[in-house]
Amino acid sequence: MSESSKGRRAVRRAGWVLMGTVLSVASFAGIAFAGVSTSMADSFAPAPTASGDRAWPAAKPVPKDRITVAVAVSSEGSVATDVLAPYQVFAESGKFSVYTVAAERRVFPLSGGAHLLPDHTLAEVERGTVPEPDVVVVPAVADPTGANEAWLRQWIVERHRRGARVLGVCAGSELLAASGLLDGRDATSFWSAIDALKHRYPQVHWDRGRRYVEDGRVTTTAGVTSGTVGALRVVEELAGKDEAARIGKGLSYPGWTVDGPTAIPANHLAVGDLPYALNAAFPWLRPTVGIGLVDGVGEIDAAAAFEGYGGVSFTARTVVLGARGTVTTRHGLVLVTRSADRRSHGVDRFVVPGVAEPSAVDAPLRTWAHRNKLAVELPGGGRHTEEFGFDPVLRDLAEHSDRRTALVTAKFSEYPSSHLTLTGAAWPWRSTLLAGAAVVVSVAAGFVPTVIRRAVRRRRATKPPHGLPGRTGSEVQEYPASEAGSRRPSSVRHR
């Protein structure tokens, strides 16, 4: 074989290997993409069936003699804790009046499978039929730069122009940056988003490792639960240190004090964060957790369940259930639920957050659980005094999933975890085994080009040369021994 032939053969072989490698990587990426899409679709699930046909409760009146707070809600989906935690902080004070606001008064999704009915619309505020807010809370939303949020971005800028303070929670800072409100300002955001935000919005001075950053009338916070601390800071500025200290003591956010530092660990991705990716990318065979809500549930208690079981951990598909289809939280926020009727909703486990005693669970929820042979579990029943609402859920997550996922969930919520005592498995083996299976399938897919190449070569090897009869290689013309030397066979063996 000539050198040129060897070279061509080596190039062809390299091409087949490259094709197989690309196919393997593409197969694994496709499986992971499908998993992430499933996880996000479950987290921001469609509104419960027939919710659009219900007669919604009227919005509570907004007193005009208090500091008014508007918590914005996205039409595409908002992070639950970014909405509910600041809402509760401000609503805990009689000096504030809080309402939720969105483009329309219809049901909108929150992370973790929850749904919220906003109190008022952006247009009502613009018309003056609802008091102009003194504070606007902006949560992380599903599509901060999208066309569907253009009105919300403009509305926020106009409120700021009219004198309102703006509190951007977690990646809500990207919506503010996209509106131009952060140009030239110092700001922070969710730790895993900051590098991308620096690239997209270089005109903003992004600061990592701060619980919140203030610049004029704009305050931005780190991820998820940091909105609690950011809201306490705004309470301090508008209602005084004593009021902030009173509310903060009741909420018991770990390590928070009125005069405490704003510095926090500057988180970065690490190998130990792998469960976050595994649980999001490989959601198959995970359980379905029913989250039962009762009227009067604390907003932070509800948010902890939404995020702990679904929105941040991705360890379960979550279904939010109520006795009547809507639940009014402790401070008047309306959450829309699936009704606890005869359907099981595919629930494998049933938890009721924010409740310490079984007798506090609504009778229809208890009946539904009994009918579906499910225990009514109360993560809040193990809540210690002076403990934040996320603590019992994280302990429960560790016990029923694994400790590593619970710690990663705390990290991706930017919530302190060093004080927690966790029990349970060490690692998320379900999603890990699924990832291993995906690797095997992807590697097998990578061998497909090799199998095809070998099949083609075999076919060529058994095909007769052009113009000769199509006999197989085993067909050989036989002659008598006396003629063996004088006659040539008309057929040849083909190799």
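Each value in this text was obtained by applying a stated rule to the coordinates, not by laboratory testing. Worth saying up front: this structure is predicted, and the values here are computed from it rather than measured. Glycine gets a Cβ as well: all are built from the backbone with ideal geometry, and neighbour counts include every protein chain shown.
Descriptive notes on the structure:
- For the listed peptides 447-460, 69-82, 128-141, 401-414, a ranking on the average number of other beta carbons within 10 Å per residue, highest first, reads 69-82, 401-414, 128-141, 447-460.
- Under 29 Å between alpha carbons - lysine pairs in the chain that sit 8 or more apart or on different chains: 13
- Percent RCO, i.e. relative contact order, over the chain, from Cα pairs under 8 Å lying at least 6 residues apart: 15 percent
- Prolate/oblate/rounded label for the stretch 60-251 (Cα gyration tensor, a/c 1.5): rounded
- Counted charge near L84, where neighbours are those whose Cβ lies closer than 13 Å (Asp, Glu -1; Lys, Arg +1): -4
- Stokes-Einstein D for the chain, Kirkwood Rh over Cα pairs, 20 °C, 1.002 mPa s (µm²/s): 84 µm²/s
- For D65, D215, D396, D183, the sequence from fewest to most other C-beta atoms within 10 Å is D65, D183, D215, D396.
- Low-density loop positions, GluC sites (Glu not before Pro), the stretch 89-126 - DSSP coil, at most 16 other Cβ in 10 Å: E104
- At R0 = 41 Å, FRET efficiency that the Cβ-Cβ distance of W429 and V22 yields, to 0.05: 0.85
- FRET efficiency, S37 to S359 (Cβ-Cβ, R0 41 Å, nearest 0.05): 0.50
- Computed packing ranks the peptides 13-25, 278-290, 155-167, 430-442 as 278-290, 155-167, 430-442, 13-25, most packed first, by mean other Cβ atoms within 10 Å.
- Percent of C-alpha pairs per 5 Å bin, the stretch 263-398, short to long: 2, 10, 19, 22, 20, 13, 8, 4, 2, 0, 0
- Burial order of peptide ranges 246-252, 233-239, 113-119 (average beta-carbon count within 10 Å, highest first): 113-119, 233-239, 246-252
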